[in-house]
Every structure is written in structure tokens, then in C-alpha cells.
1. Extent of the chain along each principal axis, from alpha carbon coordinates, in Å, largest to smallest?
2. For the chain, which whole percent of the accessible surface, found with a 1.4 angstrom probe, sits on carbon and sulfur atoms?
3. Please turn the phi angles of the range 41-55 into ³J(HN,Hα) values with the Karplus equation 6.51 cos²θ - 1.76 cosθ + 1.60 (θ = phi - 60°), one per residue in order, whole Hz, x for glycine and proline.
4. Not counting ligands, DNA or RNA, and with a 1.4 Å probe, what is LEU6's accessible surface area in Å² rounded to the nearest 10?
5. With an 8 Å Cα cut-off and a minimum separation of 6 or more residues, compute the relative contact order for the chain in percent.
6. Reachable aspartates and glutamates from LYS3, Cα under 14 Å, same-chain residues fewer than 8 places away excluded?
7. Given charges of +1 on the Cβ of Lys and Arg and -1 on the Cβ of Asp and Glu, with all other atoms neutral, how large is the dipole of the chain about its Cα centre, in debye to the nearest 20?
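The values are calculated or read from the model by the stated rules, or taken from the named source; none is laboratory data. Being a predicted model, the structure only gives us computed values, none of them experimental. Cβ: placed from backbone, ideal geometry, glycine included. Neighbour counts: every protein chain shown. Calculation scope for accessible area: heavy atoms of the full protein, side chains included, ligands and nucleic acids excluded. Shrake-Rupley method; radii C 1.70, N 1.55, O 1.52, S 1.80 Å.
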Amino acid sequence: INKSGLLPKDRLYVHLSPNFETAIKVGSRHGKPTVITIDCKKMVADGHKFYLSNNGVWLTGPIEPKDFIK
């Protein structure tokens, strides 16, 4: 992930949680969660599109490591 970024793989979009607490809850379903914070404002300024699904999940295309907040 640190080299290739976040990729949708078998999905149409990368799925993002709206906040840290939700990310921990969702990630815990698959073992020990790791939360990566994304600079969404920068991504929007760079032309990336974000979509809000009916269940509160944010969707977007691939996310490059340069858009991670360290």
C-alpha cells in the first residue's frame, strides 16, 4: 500500500470511511485494523472525484501514496 497506494481491485471504487471511529470498526471485521488518513482536499483540488453512497461510505478512484497524510 505504501508503494502502490489504495486500489479498488475487484471493486469499481476505493471505499473510504468518513471518520476514524468508523474506520476502526469496519477494519476490525478483518483482523487488526490499520487506518490510513487521506488528504481529500488535496485530491479534490487535483481533480479527483468523490461520491457518497447511501450507506455513508465515500467512494473514489485509486489513491496514490502521495495523498496519504503521514
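1. Extents along the principal axes, in whole Å: 32, 30, 24.
2. 56 percent
3. 4, 5, 5, 5, 4, 7, x, 6, 9, 10, 10, 9, 7, 4, 9
4. Surface accessible to solvent at LEU6 totals approximately 40 Å².
5. Answer for the chain is 46 percent.
6. Once the sequence-local aspartates and glutamates are set aside, what remains near LYS3 is GLU64, ASP67.
7. 160 debye
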